[in-house]
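Just below is one structure, and these are the notes that go with it.
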Amino acid sequence: MLEAVLERITFANEETGYTIARVATERSGPDLLTVVGPLLGAQVGESLRLTGRWTSHPRYGRQFEVRSYSTVLPATIQGIQRYLGSGLIKGIGPVMAERMVAHFGVDILRVIEEEPQRLVEVPGVGPKRTKLVAAAWEEQKAIKEVMVFLQGVRVSTSLAVRIYKKYRDDAISVVRREPYRLAADVWGIGFKTADTIAQAVGIPHDSPERIKAGLAYTLSEAADDGHCYLPATNLVTGAAKILGLGRELIGPCLEELAAAGGVVCESVHPGEQVPAVYLVPFHRAERSLASGLLELLHAREDRMTVFQQVDWGRALAWLGSRTGTELAPEQEQAVRLALTQRVAVLTGGPGCGKSFTVRSIVELARARKARIVLVAPTGRAAKRLAELTGHEAATVHRLLQLQPGGEAKFDRGNPLDADLVVVDEASMVDLILANKLVKAVPPGAHLLLVGDVDQLPSVGAGEVLRDLLAASDVIPRVRLTKIFRQAQQSGIVVNAHRVNGGSPPRLQGFPDFFWFTCDDSEQTAALTVDIVARRIPRRFGLDPRRDVQVLAPMHRGPAGAGNLNALLQEELTPSREGQPERRYGGRVFRVGDKVTQLRNNYDKGAAGVFNGTVGVITAMSLEDSMLTVLTDEDESVDYGFDELDELAHAYAVTIHRSQGSEYPAVVIPLTTSSWMMLQRNLLYTAITRAKKLVILAGSRRALAAAVRTAGAGRRHTALTHRLDRLATAGLSGQQRGDWDVKRKHRG
């Protein structure tokens, strides 16, 4: 056993918990000792009781290998001051800790525990801070008690804090009696963690409770992969594999789960014998979205009837005089469609004029005094849409004013005040969000969905834009295919279309598209950092944090987003003496860091902060245990240190997380270590995120694999079928016959 004060963490793997740290003991004096092992969650300044053994590393020498640890209160003046000044106790920072220790000495911890009212004796401490410190101390005590129990059932410190915050005094009772609740209730805890806890508290391996939780988890994992449902056979096979049980035990539990309303089983495709199994929210959303779109499309009223009788020759001539440019035939068709049909889709690749077409639609609608609502999935996309049209735009979440729990303020009972709703970057709108948005569009209003169907589908479940375009001729649509002459000079546009068509990009001859060859993954990572931190700023004058975004095919690996974030942070926002920083898990946060939100949090900011929101850390206070992020929507949002699991660094992000955003410059590392993710639509999406500059770095073999690999198969969705079925059911006999002929001819 070793008792020591944690002085510095030199490495921490967030996924495994393996940590390398430097500690001080009473005997070590000024020299620090090295400890290695599962220390994730321990904070600098804490006094630790470590169990394990001394070993000798051939390169790094003598070190203590940790099996487990617990936190203890420090006993020395130096240890106490370091502990109190570390930011663990809200209301005490380094300066205040020094004052408190100077006044009370080693007795300060007893004073905080037993006589907190005496803290007012310390210069600068008033009644308000005294109450804050006392409350924070009590909470830390309660968390420690829960942690002692949870460490016994193999729960990390960071998860223990979240469990305590959710259940408070009931935390131990819930963990002991209903461990599978954790997967549903506590963000960051999935079935596997809950299952580990369940086994530790004695729940049988083959209990129905465990099997039902495993079925729900399998469906949830499928939703994370984009599927709205799983065929029952796929679900049973997947759950059996996860649970380590025979299929014969799974089927009866699935029937019980369906009977209790935990899942919905339905035959969705004609002729299929195997039912589809949905989690309830996805089943409701898919049915609601299909009927909602058709109700909008065939509404009796029309809020823009003026365009049914408009003189299009005069209207388009007026538009040309306003914009200085004539519309191409495809663009003209799209403009007419959006202003005469209550639901329409506009799709096309880069350089084909989608943006100018949207601007033209908005210009004409505005000229007729239409109430226009412009919306996009991300803050960056909304900003771009506003700049393009000269009209205010919002994110979907802010437009609908989503409330805690995900319910929207605007819905069927309280629709938006709009005549025309334009949704940009619609390819990244998932099923749940699309349903909420469509429910908020008032009857008679026009809904235009704009996006590139060849990009990656949404991060969330569904592929709404693709399903709409696949739905017979139910939803009116225009696809822009002609690349305009000026766009043909852009390497970004030309190579995006080449990649989308399965041809390798042209790597020379363009001022905005560059290639650097590097076959080794670690060297590619180093090259990427050099390109971002030095080469681009020197050659193009772009800011490496504000203007440049690294887009990696995957998170893991030497050239993955995780490792690149660590390398780029050390290059762009290194640790500086006297500057505050805060470690959370495997991440260190500093002022100036570029960060992204990892989950929807409806309680943060003025109207919630949502998954994918990007910002920069502008302030940090160890005394208040808080940091501030200025988001890309120009909102300052405060995060307590216990909420830092919601943030990750964003110098590099995965290509999936970049959807809907656009950046001046994009750097894309392509290595064979990302082999499983190298697909055509992934590379196409990454290239089309850039406005001015694309730089590819990596191996030609990886680039060739990305271009030739067509991509993953379709997701399990039934929106297309539901639209076709509902539309057909609403037709007369003769119309239905014509419809069936058309569908057969279409193949």
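The values are calculated or read from the model by the stated rules, or taken from the named source; none is laboratory data. Every value quoted in this text rests on a predicted model; they were computed, and no experiment measured them. All Cβ positions, even for glycine, are placed from backbone atoms using ideal geometry, and neighbour counts span all protein chains on display. For the accessible areas, the whole protein counts, side chains as well, though only heavy atoms, and no ligand, DNA or RNA atoms are used. Shrake-Rupley method; radii C 1.70, N 1.55, O 1.52, S 1.80 Å.
Restricting to the range 435-460, give me the number of residues that are assigned to a helix (DSSP H, G or I) and open to solvent by less than 10 Å² (accessible area, probe 1.4 Å). Before the answer, list the steps.
The initial filter retains those residues of the range 435-460 that are assigned to a helix (DSSP H, G or I), namely 435-440.
If we keep only those that are open to solvent by less than 10 Å² (accessible area, probe 1.4 Å) too, we end up with 437, 440.
Final tally of qualifying residues: 2.
Please tell me if Ala317 is part of a helix (DSSP H, G or I) and either within 30 Å of Ser355 (Cβ to Cβ) or open to solvent by less than 20 Å² (accessible area, probe 1.4 Å) (or both). It would help to see each step written out before you state the result.
Working: part of a helix (DSSP H, G or I): yes; either within 30 Å of Ser355 (Cβ to Cβ) or open to solvent by less than 20 Å² (accessible area, probe 1.4 Å) (or both): yes.
Yes; evaluated as a whole, the condition is true for this residue.
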**OP:** Give Ser472, Ser490 a once-over and let me know the one that is surrounded by fewer than 24 Cβ atoms within 10 Å (Cβ to Cβ), more than 24 Å from Ile668 (Cβ to Cβ) and either out of contact with any Cys (no Cβ under 6 Å at 6 or more places or on another chain) or not hydroxyl-bearing (Ser, Thr, Tyr) (or both).
**Re:** Ser472
Subject >> Residue tally, condition of a type in the set (S, T, N, Q), surrounded by fewer than 20 Cβ atoms within 10 Å (Cβ to Cβ) and not in a loop (DSSP other than H, G, I, E, B), over the range 386-407 >> reply: 0
Original post:
Among the residues of the range 266-282, is any at pLDDT below 95, over 21 Å from Leu723 (Cα atoms) and surrounded by fewer than 15 Cβ atoms within 10 Å (Cβ to Cβ)?
Top reply: no
Original post:
If you take just the helices (runs of 4 or more DSSP H) that sit entirely in the range 187-249, which of them hold at least 3 residues that are over 17 Å from Val153 (Cα atoms) and open to solvent by 20 Å² or more (accessible area, probe 1.4 Å)?
Top reply: 208-224, 232-243
**OP:** Could you pull out every one of the helices (runs of 4 or more DSSP H) wholly within the range 461-531 that has 1 or more residues that are more than 26 Å from Val429 (Cβ to Cβ) and of a type in the set (A, V, I, L, M, F, W, C)?
**Re:** 491-500, 521-530
**OP:** Residue by residue through the range 320-363, note down the ones that are in a loop (DSSP other than H, G, I, E, B) and among the hydroxyl-bearing types (Ser, Thr, Tyr).
**Re:** Thr325
**OP:** Identify the residue in the range 175-186 that is part of a loop (DSSP other than H, G, I, E, B) and under 28 Å from the mean Cα position of the chain (by Cα) and, among all such residues, is nearest to Gly251 (Cα to Cα).
**Re:** Tyr180
**OP:** Among residues belonging to the range 74-115 that are without any contact (Cβ under 8 Å) to a residue 24 or more places away in the chain and within 41 Å of the chain's Cα centre (by Cα), point out the one that is farthest from Arg582 (Cα to Cα).
**Re:** Glu98
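From the list Gln341, Gln331, exactly one residue is of a type outside the set (Ser, Thr, Tyr), open to solvent by less than 30 Å² (accessible area, probe 1.4 Å) and in contact with a helix residue (DSSP H, G or I) (Cβ under 9 Å, 6 or more places away or on another chain). Which is it?
Numbers: Gln341 fails: open to solvent by less than 30 Å² (accessible area, probe 1.4 Å).
After ruling out the rest, the residue left standing is Gln331.
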Original post:
From the list Arg366, Arg359, which one is over 30 Å from Leu598 (Cα atoms), touching a Ser or Thr at 6+ places or on another chain (Cβ under 7 Å) and open to solvent by 20 Å² or more (accessible area, probe 1.4 Å)?
Top reply: Arg359
**OP:** Go through the range 280-301 and count every residue that is more than 18 Å from Gly226 (Cα to Cα) and of a type in the set (Lys, Arg).
**Re:** 1
Subject >> Contacts under 6 angstrom Cβ, first residue in the range 327-353 being basic (Lys, Arg), partner assigned to a helix (DSSP H, G or I), 6 or more apart >> reply: Arg342/Leu296; Arg342/Leu297
Original post:
Which condition does Val637 not pass, out of (1) under 23 Å from Leu564 (Cβ atoms); (2) open to solvent by less than 10 Å² (accessible area, probe 1.4 Å); (3) in contact with a strand residue (DSSP E or B) (Cβ under 6 Å, 6 or more places away or on another chain), if it passes all the others?
Top reply: (1)
Original post:
What residue, of Val429, Val422, is open to solvent by less than 50 Å² (accessible area, probe 1.4 Å) and over 23 Å from Tyr229 (Cβ atoms)?
Top reply: Val422
Subject >> Filtered residues of the range 581-596 (kept if touching a residue at least 40 places away in the same chain (Cβ under 8 Å), open to solvent by 30 Å² or more (accessible area, probe 1.4 Å) and over 25 Å from Ile655 (Cβ atoms)) >> reply: Arg583
Original post:
Can you tell me which residues in the range 371-380 are crowded, with 20+ Cβ neighbours inside 10 Å and assigned to a loop (DSSP other than H, G, I, E, B)?
Top reply: Pro377, Thr378
Original post:
How do the pairs read when you match residues in the range 48-60 that are in contact (Cβ under 8 Å) with a residue 40 or more places away in the chain with residues anywhere that are surrounded by 11 or more Cβ atoms within 10 Å (Cβ to Cβ) and part of a loop (DSSP other than H, G, I, E, B), using Cβ under 7 Å and keeping only pairs 6 or more apart or on different chains?
Top reply: Leu48/Ala42
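State yes or no: is Ala552 open to solvent by 40 Å² or more (accessible area, probe 1.4 Å) and within 25 Å of the chain's Cα centre (by Cα)? Walk me through how you get there before you give the answer.
Details: open to solvent by 40 Å² or more (accessible area, probe 1.4 Å): no; within 25 Å of the chain's Cα centre (by Cα): yes.
No, not satisfied.
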**OP:** Being under 21 Å from the mean Cα position of the chain (by Cα) and at pLDDT 95 or above is the filter here, so list the residues in the range 568-584 that pass it.
**Re:** Leu568, Gln569
Subject >> Condition met for Lys383 (outside any helix (DSSP H, G or I) and either open to solvent by less than 20 Å² (accessible area, probe 1.4 Å) or not polar (S, T, N, Q) (or both)) >> reply: no
